[in-house]
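Engineer: One structure, as structure tokens, below. Some questions next.
The values are calculated or read from the model by the stated rules, or taken from the named source; none is laboratory data. Note that the structure is predicted; figures quoted are calculated from it, not measured. Note that each Cβ is placed from the backbone with ideal geometry, even for glycine, and that neighbours are counted across all protein chains shown.
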Amino acid sequence: MRAAATAGKSTDPMPGASQDRNASIKIQTMCLNFAVMTSRFVAFTALLPIIAVMTPTSQKQTIITRFAPSPTGYLHVGGARTALFNWLLARHTGGRFLLRIEDTDLARSTEQAVHQLLEDLKWLGLNWDNPELIFQSKRLDIYNRLINDLIARGLAYKAYETTEELAAFRAQAEKSKRNYVYKRPVLTDEQCRQFEAEGRPHVVRFAMPVQDYQFDDAVLGASQGVAANQVQDFVIRKSDGMPTYHFAVVVDDADMGITHVLRGQEHLLNTVNHIALQQALGYQRPIYAHLPVILAPETGEKLSKRDRDRKIRQRTHEWIKSSKKTLPDLAAACGLAVDRLETWLKNDKTQLDLSEQPKVMKIIGLKEFDLPEIMVHDFRKSGYLPESLNNFLALLGWNPGGDREHMTMAELVEVFTLDGIGKANAKFNREKLLSFNTDACATASPERLLKAFKDFLAANPDSPINGADDAALAKLLSMKAGFRVLREVEEKSRFLFLRDDQITYDPVSVEKILKKNNGEGFATLKNLLELLNPITDWTAEKLEATVNEFVTAKQLKLNNIAQPLRVALSGGTISPPIFQSLEFLGKPSTLARIERCLATQ
RNA sequence: GGCCCUGUCGUCUAGAGGCCUAGGACACGGCCCUUUCAAGGCCGCGACACGGGUUCGAAUCCCGUCAGGGUCACCA
């Protein structure tokens with residue numbers, strides 16, 4: 001598919017000569033890319049009528065919902081929650097849940113993002129019912145036919161203002177404290193012909209009938225709407241030939257027979273555009289349900305991917321202050337340009353891209369796990385169970401009534417209804433999610449946990465635990481019972497999988513546990529070496545019995561032994577229960593590590 | 001700023017005029033358990049945004065104020 005993309009570009013004799021032409025080539029290559037990549041999703045256009053026909057027209061109407069993400073990156077929790085609600089409604093009613101890719105933004109849509117989206121959805125267990133994915137970029141013929149028809153009927157028209165002109169109008173309106181409302185310019189027939197002949201770039205706008213618009217919302221109640229003086233002609237086809245979201249969403253929802261549209265409340269006002277379009281195109285209006293917005297706890301504003309960048313920026317400012325370093329120092333250390341960093345630091349509307357972030361984080365000592373998880377993928381990497389994420393997300397803006405909180409997916413499906421959805425925005429509360437996950441891990445079956453742990457390791461390929469067999473993984477899981485996320489199991493037992501010479505000692509632990517009181521800890525380790533050396537039955541039980549005997553005889557506390565041992569074996573003070581760790585490590589490694597540690601004093 | 005939506009513990013919420021001395025969960029504080037980190041057990045702290053109505057009676061209905069959020073793109 002790379003070849004196709006390259007070929008498409010290289011055959012253009014005059015790159016940049018024609019915007020339209022480039023756009024259409026880009027569209028073609030993009031479609032090709034998607035087609036090849038998703039070979040098992042085949043062509044779909046022909047199937048749309050089938051999907052519609054499959055809706056039983058008799059008796060009760062089958063509920064059909066959809067999730068329609070735009071492929072611009074990983075799925076984030078807001079999107080996941082929207083998907084979940086749509087999925088739950090379909091499953092609860094025995095309806096259908098369809099997936100559509102809204103890739104009309106050529107500049108931002110990528111095939112990689114499509115792949116990530118599907119992965120995340122699968123991970124969450126939100127399976128969709130259309131075997132062939134629907135890509136808007138492959139339905140241009142359909143949109144264009146309808147748009148041309150609207151133009152012919154005088155319900156839409158070409159508009160020739162440039163982006164700059166529009167921006168100037170808006171700025172003007174803002175200056176005089178007015179709200180900018182687009183006014184259709186009066187063009188003579190001659191002007192139109194001339195623009196047409198020039199091939200002047202244009203958009204197509206829908207001539208929004210000037211009237212009050214009202215609709216009922218399943219969440220917010222009846223009579224939502226917008227007054228006549230607020231409506232304006234909006235763009236339905238961009239100058240690159242792609243339909244806008246507003247147009248494509250209306251057409252596709254109708255074609256797919258969508259009966260219920262559950263989406264974020266940020267779309268509330270868009271709805272009047274959509275119902276006006278539905279009227280013009282003769283479509284039925286689906287039932288709308290606008291979900292409360294998920295807010296970031298840090299800012300109180302809509303949760304967004306930007307929140308991660310925000311955290312990095314904030315910590316960078318702190319780092320510069322506390323380390324008394326300058327911006328050029330930082331730039332040199334992380335290999336980025338000074339002015340790049342400067343604009344980023346000063347302007348919180350800008351963001352570091354995914355390749356720049358780690359460079360800065362490394363220098364200022366921020367770990368990936370220090371960033372707030374926003375993307376579904378982040379939660380997967382942190383070691384959350386999809387079922388607890390789903391459970392938590394379901395409760396953000398919905399509840400079954402009463403005190404019920406912990407629910408399996410099956411239970412969620414069973415009790416989910418539209419009228420359990422609330423109206424007020426909800427802050428995303430990570431502590432509560434953590435608690436849900438802790439609980440889910442504690443009650444999950446060993447098989448379930450093992451599967452989740454393997455999935456976690458697959459998402460964290462750098463972990464030394466990768467490659468361990470199932471028995472070893474199961475053992476780790478049981479040793480660390482009580483963990484909150486799988487990452488904790490990894491962090492606290494990864495030392496068991498390092499080579500003996502890879503152990504690095506945490507200076508604070510060494511000071512506190514080994515060196516303090518004239519090297520008391522080191523002395524203990526020496527004694528332990530003698531104590532453990534003769535043991536042949538290297539089991540946790542035997543080790544514990546032996547050490548306990550020693551402790552009693554010497555009138556010590558177990559803690560006096562366990563902590564120095566932890567430092568010697570792991571380099572720090574945190575580990576699974578110590579005797580189980582010893583057993584897991586085995587005798588040779590245990591003794592080698594103690595000796596190696598003793599050699600450092 | 002215009003328009004729109006929304007206001008119950010710090011957070012998510014239960015609550016459909018008397019079942020409310022406002023319930024649950026997370027967080028927080030204290031105690032217990034404990035070989036580390038966790039987990040667990042018990043106890044505690046803690047809210048109807050404010051002001052007016054309506055009503056015998058209001059967290060619940062109405063109005064206003066205030067506050068928060070959303071949205072004002074050739075992004076979705």
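Engineer: Consider A:Y74 against the criteria (1) assigned to a loop (DSSP other than H, G, I, E, B); (2) within 13 Å of RNA strand B (Cβ to nearest atom): it satisfies all of them except one. Which criterion is unmet?
Structural biologist: Among (1) assigned to a loop (DSSP other than H, G, I, E, B); (2) within 13 Å of RNA strand B (Cβ to nearest atom), the lone unmet condition for A:Y74 is (2).
Engineer: Please indicate, with yes or no, whether at least one residue in the stretch A:271-282 is surrounded by 17 or more Cβ atoms within 10 Å (Cβ to Cβ) and not in a helix (DSSP H, G or I).
Structural biologist: No, that holds for no residue.
Engineer: Check the stretch A:144-155 and report whether any residue there is β-branched (V, I, T), at pLDDT 95 or above and on the phi < 0 side of the Ramachandran plot.
Structural biologist: Yes, the conditions are met somewhere in the stretch A:144-155.
Engineer: Take the stretch A:538-585 and flag every residue that is aromatic (F, W, Y) and either on the phi > 0 side of the Ramachandran plot or not in a helix (DSSP H, G or I) (or both).
Structural biologist: A:W538
Engineer: Would you point out the residue of the stretch A:164-179, among those that are among the small types (G, A, S) and part of a helix (DSSP H, G or I), that is farthest from RNA strand B (Cβ to nearest atom)?
Structural biologist: Filtering first and then ranking leaves A:A168.
Engineer: Then there's this: Please work out which one of (1) of a type outside the set (V, I, T); (2) assigned to a loop (DSSP other than H, G, I, E, B); (3) surrounded by fewer than 17 Cβ atoms within 10 Å (Cβ to Cβ) is the condition A:E266 fails and give its number.
Structural biologist: Just one mismatch for A:E266, condition (2).
Engineer: Does A:R499 fit the bill of being under 30 Å from A:D455 (Cβ atoms) and within 16 Å of RNA strand B (Cβ to nearest atom)?
Structural biologist: No.
Engineer: Let me ask something additional. Do we find a residue being within 21 Å of A:Q279 (Cβ to Cβ) and away from RNA strand B (no atom under 11 Å from the Cβ) anywhere in the stretch A:180-196?
Structural biologist: yes
Engineer: Looking only at the stretch A:141-155, count every residue that is of a type in the set (K, R) and in a loop (DSSP other than H, G, I, E, B) and tell me the total.
Structural biologist: 1
Engineer: Where the second residue is of a type in the set (D, E) and the first is in a helix (DSSP H, G or I) and lies in the stretch A:97-124, which pairs have Cβ atoms under 8 Å and are six or more apart or on separate chains?
Structural biologist: A:V114/A:D103; A:W123/A:D455
Engineer: While we're here: Return the residues of the stretch A:427-455 that are outside any helix (DSSP H, G or I) and either surrounded by fewer than 13 Cβ atoms within 10 Å (Cβ to Cβ) or in contact with an Asp or Glu (Cβ under 8 Å, 6 or more places away or on another chain) (or both); say none if nothing qualifies.
Structural biologist: A:S445
Engineer: May I pose another question? Please state which one of A:L354, A:L336 is part of a loop (DSSP other than H, G, I, E, B), at pLDDT below 90 and either among the aliphatic types (A, V, I, L, M) or surrounded by 13 or more Cβ atoms within 10 Å (Cβ to Cβ) (or both).
Structural biologist: Being part of a loop (DSSP other than H, G, I, E, B), at pLDDT below 90 and either among the aliphatic types (A, V, I, L, M) or surrounded by 13 or more Cβ atoms within 10 Å (Cβ to Cβ) (or both) holds for just one of A:L354, A:L336, which is A:L354.
Engineer: Please give the number of the condition A:T438 fails out of (1) among the β-branched types (V, I, T); (2) within 6 Å of RNA strand B (Cβ to nearest atom); (3) free of Cβ contacts under 8 Å to residues at least 24 places away in the same chain.
Structural biologist: (3)
Engineer: Checking A:A35 against (1) at pLDDT 50 or above; (2) in a helix (DSSP H, G or I); (3) within 15 Å of A:S137 (Cβ to Cβ), which test does it fail?
Structural biologist: Of (1) at pLDDT 50 or above; (2) in a helix (DSSP H, G or I); (3) within 15 Å of A:S137 (Cβ to Cβ), only one is false for A:A35: (1).
Engineer: Go through the stretch A:204-244 and count every residue that is farther than 26 Å from A:I142 by Cα, β-branched (V, I, T) and within 9 Å of RNA strand B (Cβ to nearest atom).
Structural biologist: Within the stretch A:204-244, residues that are farther than 26 Å from A:I142 by Cα, β-branched (V, I, T) and within 9 Å of RNA strand B (Cβ to nearest atom) number 2.
Engineer: Which residue pairs have Cβ atoms under 7 Å apart, sit 6 or more places apart or on different chains, and have a first residue in the stretch A:150-172 that is hydroxyl-bearing (S, T, Y) and a second that is part of a helix (DSSP H, G or I) and within 13 Å of RNA strand B (Cβ to nearest atom)?
Structural biologist: Within 7 Å, the pairs are A:Y160/A:F195.
Engineer: Now a separate question. Go through (1) assigned to a loop (DSSP other than H, G, I, E, B); (2) surrounded by 20 or more Cβ atoms within 10 Å (Cβ to Cβ) for A:A424 and report which single condition fails.
Structural biologist: The single condition A:A424 does not satisfy is (2).
Engineer: What are the residue pairs meeting all of these: first residue in the stretch A:219-232, first residue outside any loop (DSSP other than H, G, I, E, B), second residue within 6 Å of RNA strand B (Cβ to nearest atom) and modelled with pLDDT under 90, Cβ atoms under 9 Å, and 6 or more apart or on different chains?
Structural biologist: A:Q230/A:N179
Engineer: Does the stretch A:124-147 contain any residue that is under 19 Å from A:V235 (Cα atoms), exposed (fewer than 12 other Cβ atoms within 10 Å of the Cβ), more than 10 Å from RNA strand B (Cβ to nearest atom) and hydrophobic (A, V, I, L, M, F, W, C)?
Structural biologist: Looking for residues that are under 19 Å from A:V235 (Cα atoms), exposed (fewer than 12 other Cβ atoms within 10 Å of the Cβ), more than 10 Å from RNA strand B (Cβ to nearest atom) and hydrophobic (A, V, I, L, M, F, W, C), one finds none in the stretch A:124-147, hence no.
Conditions (1) of a type in the set (K, R); (2) under 22 Å from A:R100 (Cβ atoms), marked per residue:
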residue	(1), (2)
A:R184	yes, no
A:D189	no, no
A:F195	no, no
A:E198	no, no
A:R205	yes, no
A:L220	no, no
A:I258	no, yes
A:G264	no, yes
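Engineer: For the stretch A:556-601, how many residues meet the condition of being within 11 Å of RNA strand B (Cβ to nearest atom), surrounded by fewer than 22 Cβ atoms within 10 Å (Cβ to Cβ), in contact (Cβ under 8 Å) with a residue 12 or more places away in the chain and over 44 Å from the mean Cα position of the chain (by Cα)?
Structural biologist: So the count comes out to 1.
Engineer: Can I ask one more? Of the numbered conditions (1) in a loop (DSSP other than H, G, I, E, B); (2) of a type in the set (D, E); (3) within 23 Å of A:V251 (Cβ to Cβ), A:E161 fails exactly one; give the number of that condition.
Structural biologist: A:E161 satisfies every listed condition except (3).
Engineer: Let me ask something else about it. Any idea which of A:E405, A:E373 is within 16 Å of RNA strand B (Cβ to nearest atom), of a type in the set (D, E, K, R) and touching a helix residue (DSSP H, G or I) at 6+ places or on another chain (Cβ under 6 Å)?
Structural biologist: Going through A:E405, A:E373 in turn, just one is within 16 Å of RNA strand B (Cβ to nearest atom), of a type in the set (D, E, K, R) and touching a helix residue (DSSP H, G or I) at 6+ places or on another chain (Cβ under 6 Å): A:E373.
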